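Following: one structure in structure tokens, then a few remarks.
The values are calculated or read from the model by the stated rules, or taken from the named source; none is laboratory data. These numbers come from a predicted model, not from an experiment. When we count neighbours, we look across all protein chains shown, and the Cβ atoms used for this are built from the backbone with ideal geometry, even at glycine. The area values use the complete protein model at the heavy-atom level, side chains included, leaving out ligands, DNA and RNA. Shrake-Rupley method; radii C 1.70, N 1.55, O 1.52, S 1.80 Å.
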Amino acid sequence: QVQLVESGGGLVQAGGSLRLSCAASGRTFSTNAMGWFRQAPGKEREFVAAITWSGSSTIYTDSVKGRFTISRDNAKKTVYLQMNSLKPENTAVYYCAATSGIATPRVNRYDFWGQGTQVTVSS
């Protein structure tokens, strides 16, 4: 079992930055690939970024490439999402998730989810 708790969301102006954190508990964190997803009102949950268990490889959805960075610290059992140059369309609840499989953009491949943190970008 892995328990996940996100933090770091908030209200920011367009062009600003936020750093989301996801603290994990459980013995298997260091062997889990991790992902960040988001869900805007009235929309389906969508993939944002993912990272392998070692941190050696990352993948991003096209719309955030060059602006968002996913990273992890296995000693602290924490995964991060640095978000720069934020846009109003990035407004959503952001979720972190863990999978025992490979890092993937597929929502249904993730076994454990956090409760989410709200990110609101004003124009």
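Laid out as a table, the results:
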| read-out | value |
| --- | --- |
| Net +/- balance of residues flanking residue 3 in space, Cβ distance below 14 Å, scoring K and R +1, D and E -1 | 0 |
| [x] 41, 28, 23; [y] 49, 25, 22; [z] 45, 28, 24, with the label sought being that of the calculated Cα extents along the principal axes in Å | [x] |
| Cα→Cβ-extended label distance, 7 Å offset, between residue 25 and residue 43, nm | 3.3 |
| Surface share of carbon and sulfur [accessible, 1.4 angstrom probe, percent] for the chain | 49 |
| Total formal charge among the other residues, if their Cβ is under 12 angstrom from that of residue 91, Lys/Arg +1 and Asp/Glu -1 | +2 |
| Summed residue charge, Cβ within 14 Å of residue 108's Cβ, Lys/Arg positive, Asp/Glu negative | 0 |
| For residue 32, distant residues with modelled amide H under 5 Å away | none |
| For the chain: accessible area per residue (Å², 1.4 Å) | 51 |
| Whole-number percent relative contact order across region 17-123, with pairs defined as alpha carbons under 8 Å at least 6 apart | 32 |
| ³J(HN,Hα), Karplus 6.51/-1.76/1.60, whole Hz, each residue of region 42-55, x for Gly, Pro | x, 10, 6, 5, 10, 6, 10, 7, 8, 9, 5, 4, 8, x |
| Sequence-distant residues sharing a close amide H with residue 10 (under 5 Å, placed H) | 119, 120 |
| Förster radius 22 Å - calculated FRET efficiency between residue 54 and residue 1, Cβ distance, rounded to 0.05 | 0.55 |
